[in-house]
Amino acid sequence: MSEGRLNIITMQEPLLTMKNIYKSFPGVRALQNVNFTLYEGEIHALMGENGAGKSTLIKVLTGVYPMDGGEIYIKGENRPVHIKSPQDAHKHGISTVYQEITLCPNLTVAENLFIGRNDELLVDWKKNNSRAEGILEELGIPAKPTQQLSNCSIAVQQMVAIARAVDMDCKVLILDEPTSSLDDQEVTKLFLLMRELKSRGVGIIFVTHFLEQMYAICDKITVLRGGELVGEYKVMDLPRVELVAKMMGKELGDLADIHNKAQTDNENTKEVIIETVGLASNSGVKPFDFKAYKGEVTGFAGLLGSGRSECVRAIFGADKVTKGKIKIKGNEVNITSPLKAMKKGIGYLPEDRGRDGIIGDLSVRENIVLALQAMRGFFRPFTKAQAQAFADEYISLLNIKTASADTPVKSLSGGNQQKVILARWLLTHPDYLILDEPTRGIDIGTKVEIQKLVLRLASEGMSVTFISAEIEEMLRTCSRLIVMRDLFVVGELEGDDMTQDKIMYTIAGVNKSE
Amino acid sequence: MTKNNIKPSTQRGVSVFKTISKHRLFIPIAFLMFLLLLNIFIKPGFLRISLGRDSSGNPVLIGNLVNILNNATELVILAIGMTLVTASSKGQDISVGSTIAIVGGVIMRVLCGNETQPTELKAPIILAFLLGCLAGMVCGAFNGILVAKFKIQPMVATLILFTAGRSIGSMAMGGLKPKAVSSFGYYGNFIPGFPIPTPILITILVVAITYIALKKTNLGLYTRAVGINDRSSRLNGLNPAKIKFMAYVIMGFCVGIAGFVQSSRVQTVNPYTIVPGIEMDVILAVALGGNSLGGGTVNMAGSIIGAYTLQTLTSMLTTLNVNTNAVPVFKAVIIILLVAIQTPAVKNFFSNKAKVSKIISNQGKESA
């Protein structure tokens, strides 16, 4: 992994060099010995799956987190710089534009461009407005200086944020997933602006999950995985499949993978539990067909943002279904809300535990009985004793570590919170259980427990969908994988086809025989 | 070590006190007790209750406590509704005072028709009561739709009726200021021959219904869940919009009852001056009861105690002959104190102090 080759050829001094960066959080090594180099007029992609360390690296660079070790060099400053705060980063010419707009939507475009940049009490807005007009025109941003920012499209708002950064003399521009809420046309416009900046010599760090976009615009790629540097590559040197392999941490041809044993004997029980026909929802996921059989563990594989969660959310009625049908045990059903899905025997453990899963201030007991209680109805509450019995049963069954059933769930560790949500759904005895990233952000021991539980539930006849960002986990637990890319289902793998290579080829969209 | 063995009873006493002081009702009850003691101190005969006779010679209970229980009725009933509104929608309904004017207006119109001083009631009182409650619930539904469906901040949404309510109440009475016959006054005063003020009985009834509702339905669990995290509540099969809407309709029903009691007290309604500023007292009662105004808690008993605490405070200031115009200032000062004591910053300060003094006293024991 020697990465020194690039600068010898160019002989150009890098704009930004991050050397041997270390950063730990309690219990996690977020960055270990990471190097990153950016040149003038370069668009450099920072790629990696969840938890790879992309955002930590950016936060270290912009002074949000102090680093534990390492050095940062910036062109024109002959000693390592210490970036203590985002303001400090600005002074060094480093600006960030985040996915969520951090400007003030209630102010005008010009006000957003200039606000907070000087301490003058009196401001000549006439002058500012005409200056703003110049900047907007120069960068080809379709907005008027006096227009209120909230009246602009998201893309234009993002461009204004970029213009602000550029006008503040930024040399390094960080774009953190700027395209995730833009449509294709808007992305094109944004790319035009990025190319314009590139020609001016700005170095751009581009964080994205979209492979297509990355290949369309970037010059170089730095791949991180699990807080470590995988490598720096020229875009043309790194085909899609290899990139996916590097992000997922698998060398091609590495077939030393233990395929799971438990599932194949379930193949004989071919009772369809749930089936979707051309199902699509307002989340943007494209129509997909899917079948889940009794006693089977299915999985949705794909990179982050590929639509894994969107599929299962459509099945559960969490997003508004716009097209298609759902059949349960052969009968067409109309699922318009999560409650209807629950009554049809579907359970759903959501991806974002904190936002969608737990109800933090409610007790463990209340969190466990909530779903079953909602199914039972408003006028038929469980007595405290009944609820306590349920809670006790599942606390011991899943080995949930909590002081008591009265403890607020938010004070539990991540893994135990996840078990509480699992308990909640197991208590409803669903025929079809969806687990969206049940193992994210929890310790290894609990991960294994959850995987074993999934296999046991399937062997008892439940149909389970198990989604995980870690491909090994899916291979270990699932007997069939639905592969997704950019909100489309692009393939289905089963039996001997379920190898990491095949998955990666399918994700990358390359014919698997090649 | 030996010293510990000598005094096990005090040790137990300390731990019992600790458990009590951690109870969620401890602070609300402690406030109320403190105010009552203060009252006894100021006016030694404070707790005396005697049987007197009213102007028409009927037996009635007289005493400060009776007055407090009687006068707190509207506050208690409104605090119940406000607790649910606050818990589920993370905001408050500031239109309750104005809505009482609407309810009062409707009731007076139903009872008096188009006359200012009718000699008899134009409609049965029960009908007036039901229509009054209906008016309250319609107003609640209006607020509820704005909050639950259109996702307008509760304070902004209810600002509409807060502003317009009193005028609507006046319009409901056709611009007149009618006075109903005195038999309508039974509900805000006494039923002849029965010495306990009727509002106290109504309060007991409403509190009892609330208790049963919280016990026999999922009202508490659902409102809390929605107030804490409405996204995940939805994914657990709850309908956050419906639950918030329901809370506002219940609030409206409470306003209906409170408006009925209030109109009955003097058998007439001045929509522009009826229950001035009560919305803030109600919100305070909820806060004093240990409920988070940011939603997610249903400490119903706390809110009710909070309402009585406020009424005790008002009555105390009256006893002290504080100028009516100055009452709000005194109220404000005391409320700031009460609320400040409950903030984490102050709590931590005192618990640290306690630890330090404990250490000091322990050291004292050892050296002794």
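The values are calculated or read from the model by the stated rules, or taken from the named source; none is laboratory data. The structure presented is a predicted model; accordingly, all values stated were derived computationally and were not measured. Don't worry about glycine lacking a Cβ; one is built from the backbone with ideal geometry, like all the others, and counts go over all protein chains shown.
A few notes on this one:
- When the helices (runs of 4 or more DSSP H) confined to the range B:72-165 are screened for residues that are more than 19 Å from the chain's Cα centre (by Cα), those reaching at least 1 such residues are found at B:96-112, B:125-144.
- Meets criteria (buried (at least 16 other Cβ atoms within 10 Å of the Cβ), touching a His at 6+ places or on another chain (Cβ under 9 Å) and among the small types (Gly, Ala, Ser)) for residue A:155: no
- For the range A:82-110, taking the residues that are surrounded by 17 or more Cβ atoms within 10 Å (Cβ to Cβ) and over 29 Å from the mean Cα position of the chain (by Cα), the one that is farthest from residue A:136 (Cα to Cα) is identified as A:92.
- Residue list for the range B:283-299, filter: away from every other protein chain (no Cβ under 14 Å) and either out of contact with any Phe, Trp or Tyr (no Cβ under 8 Å at 6 or more places or on another chain) or modelled with pLDDT of 95 or more (or both): B:283, B:284, B:285, B:286, B:287, B:289, B:293
Quick grid of which residues meet (1) of a type in the set (Asp, Glu); (2) free of Cβ contacts under 8 Å to residues at least 60 places away in the same chain; (3) in contact with a His (Cβ under 6 Å, 6 or more places away or on another chain):
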| site | (1), (2), (3) |
| --- | --- |
| B:48 | no, yes, no |
| B:73 | no, no, no |
| B:111 | no, no, no |
| B:120 | yes, no, no |
| B:134 | no, no, no |
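- One residue stands out among those in the range A:182-225 that are aliphatic (A, V, I, L, M) and not in a helix (DSSP H, G or I): the one that is farthest from the chain's Cα centre (by Cα), which is A:202.
Table: residues versus (1) crowded, with 20+ Cβ neighbours inside 10 Å; (2) in contact (Cβ under 8 Å) with a residue 24 or more places away in the chain; (3) in contact with a strand residue (DSSP E or B) (Cβ under 8 Å, 6 or more places away or on another chain).
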site	(1), (2), (3)
B:151	no, no, no
B:156	no, no, no
B:163	no, yes, no
B:171	no, yes, no
B:181	no, yes, no
B:188	yes, yes, no
B:199	yes, yes, no
B:204	no, no, no
B:208	no, no, no
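- Among the residues of the range A:294-309, those that are surrounded by 20 or more Cβ atoms within 10 Å (Cβ to Cβ) and away from chain B (no Cβ under 14 Å) comprise A:295, A:296, A:297, A:298, A:299, A:300, A:301, A:302, A:303, A:306, A:307, A:308.
- Of all the criteria given as (1) within 14 Å of another protein chain (Cβ to nearest Cβ); (2) of a type outside the set (S, T, N, Q); (3) in contact with a Pro (Cβ under 9 Å, 6 or more places away or on another chain), the one not satisfied by residue A:280 is (1).
- Some residue of the range B:32-40 being in a helix (DSSP H, G or I), in contact with a Gly (Cβ under 9 Å, 6 or more places away or on another chain) and modelled with pLDDT of 85 or more: yes
- None of A:312, A:369, A:321 is more than 11 Å from every other protein chain (Cβ to nearest Cβ), of a type outside the set (S, T, N, Q), under 25 Å from residue A:420 (Cβ atoms) and touching a residue at least 12 places away in the same chain (Cβ under 8 Å) except A:312.
- Screening the range A:132-150 for residues that are assigned to a helix (DSSP H, G or I) and among the small types (Gly, Ala, Ser) and picking the one that is surrounded by the most Cβ atoms within 10 Å (Cβ to Cβ) gives A:132.
- Matching option when the condition is surrounded by fewer than 20 Cβ atoms within 10 Å (Cβ to Cβ), within 14 Å of chain A (Cβ to nearest Cβ) and over 24 Å from residue B:177 (Cα atoms), among B:250, B:228, B:212, B:243: B:212
- Residue tally, condition more than 7 Å from chain B (Cβ to nearest Cβ) and crowded, with 21+ Cβ neighbours inside 10 Å, over the range A:373-389: 1
- The residue that is nearest to the chain's Cα centre (by Cα), counting only those in the range A:459-490 that are at negative phi and among the small types (Gly, Ala, Ser), is A:469.
- Note on the range A:494-514: residues that are surrounded by fewer than 21 Cβ atoms within 10 Å (Cβ to Cβ) and either touching a helix residue (DSSP H, G or I) at 6+ places or on another chain (Cβ under 6 Å) or small (Gly, Ala, Ser) (or both) amount to 6.
- Qualifying residues in the range A:324-366 (those that are loosely packed, with under 15 Cβ neighbours inside 10 Å and in a loop (DSSP other than H, G, I, E, B)) - the one nearest to the other protein chains (Cβ to nearest Cβ): A:352
- Of all residues in the range A:337-362, none that is not assigned by TED's automatic domain parsing to the domain that holds residue A:291 has its Cβ atom under 9 Å from the Cβ atom of a residue that is crowded, with 22+ Cβ neighbours inside 10 Å and modelled with pLDDT of 95 or more, 6 or more apart or on another chain.
- Residue match in the range B:50-65 (condition: assigned to a helix (DSSP H, G or I), in contact (Cβ under 8 Å) with a residue 12 or more places away in the chain and within 20 Å of residue B:207 (Cβ to Cβ)): yes
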